[in-house]
1. With the checklist (1) in contact with a helix residue (DSSP H, G or I) (Cβ under 8 Å, 6 or more places away or on another chain); (2) closer than 15 Å to ALA127 by Cα in hand, flag the one item GLN86 doesn't pass.
2. Tell me whether the stretch 47-62 contains one or more residues that are closer than 13 Å to LEU148 by Cα, away from the ligand (no atom under 14 Å from the Cβ) and without any contact (Cβ under 8 Å) to a residue 40 or more places away in the chain.
3. Hey, can you tell me all the residues within the stretch 66-106 that are away from the ligand (no atom under 12 Å from the Cβ) and outside any strand (DSSP E or B)?
4. When only residues in the stretch 109-156 that are β-branched (Val, Ile, Thr) and within 16 Å of ASP83 (Cβ to Cβ) count, which is farthest from the ligand (Cβ to nearest atom)?
5. Answer yes if at least one residue in the stretch 85-107 is touching a residue at least 12 places away in the same chain (Cβ under 8 Å), under 26 Å from GLU162 (Cβ atoms) and aromatic (Phe, Trp, Tyr), and no otherwise.
6. Could you figure out which of (1) modelled with pLDDT of 95 or more; (2) under 23 Å from ILE168 (Cα atoms) isn't true of MET105?
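The values are calculated or read from the model by the stated rules, or taken from the named source; none is laboratory data. Quick caveat, the model's predicted, so the values are computed rather than measured. Counting neighbours? That spans all protein chains shown, and the Cβs are built from the backbone with ideal geometry, glycine included.
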Amino acid sequence: MRRSISLDVKNRIDEVLQNVEDYSKEGLKQSLKNLNIQYRDLEDILIRSDTAGKPYYRKLLFKNDCLELLVMDWSELECSPHDHGQSYGWIQVIKGTAKNTVYEMKGDQFPIELLTELQEEGKLFFAPHKGIHKMAVSKDSNLVTLHLYSPPITGMKVFDLEKCAACIVSDDCGAWWPDDQTQKVKEIKLRKN
Ligand SMILES: [Fe+2]
C-alpha cells in the first residue's frame, strides 16, 4: 500500500503555496525554494511507486486555482516532447541528474531539437510559457523531480515527432502519448514546413 505524504510536509506545502502572492517567474522560483523539499520528505510516497510502463510515476501534492505542485519519480524511459498548455513553472531536481532537451518551433507547428542540458541534483530550471522540452534520467541514476506550475496545467500538448503528430491530453495524463482513448482530448497532424 502506498503511504501518503507526512502531515508535517503537507502542512508546509499548504502554508507556503496558499500564501503565494507573486506568480512571476522569479516569484515562483522563490516559492519553490521556500518549500525546501528534500528527498526524505517524499520518500514515503515514492517508495515502491509504480511507473506502470510509463516514463514516470506522478503525484499531485498541491493544487489551487493558481498553482500546482507535482512530484515525478522517473523510470528509465524518456518522456515525449511536450508543452505545458498555458502554464509556466520551475522544475527542481530532488534526486539524481536530469537530461533536459529543449526544442524550438520550426514554422508554426513542428518542434526541432535545440539543445540538451544536464540538470544536477538540487538545480532548478525554468519551463517557459509555450516552451517545448523532454526529460529523462541521466546515466544510471534515479531521478525524482518536483514541478511547480502556474496556473495548473491544462491542455498539455504531447508530440510524436516520428509520426508528425501531436495530441492534447487530459489533465491526468503525463508527458507521453496516451494509450487510453479517454485521455486524448484532440489529435493533430503536424506539417513540416
Ligand atoms: Fe515538462
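1. Status for GLN86: all satisfied but (1).
2. Yes, some residue in the stretch 47-62 is closer than 13 Å to LEU148 by Cα, away from the ligand (no atom under 14 Å from the Cβ) and without any contact (Cβ under 8 Å) to a residue 40 or more places away in the chain.
3. CYS66, LEU67, SER75, GLU76, LEU77, GLN86, GLY96, THR97
4. Across the stretch 109-156, the extreme among qualifying residues is ILE112.
5. Checked against the condition, which is being touching a residue at least 12 places away in the same chain (Cβ under 8 Å), under 26 Å from GLU162 (Cβ atoms) and aromatic (Phe, Trp, Tyr), the stretch 85-107 yields at least one hit.
6. (1)
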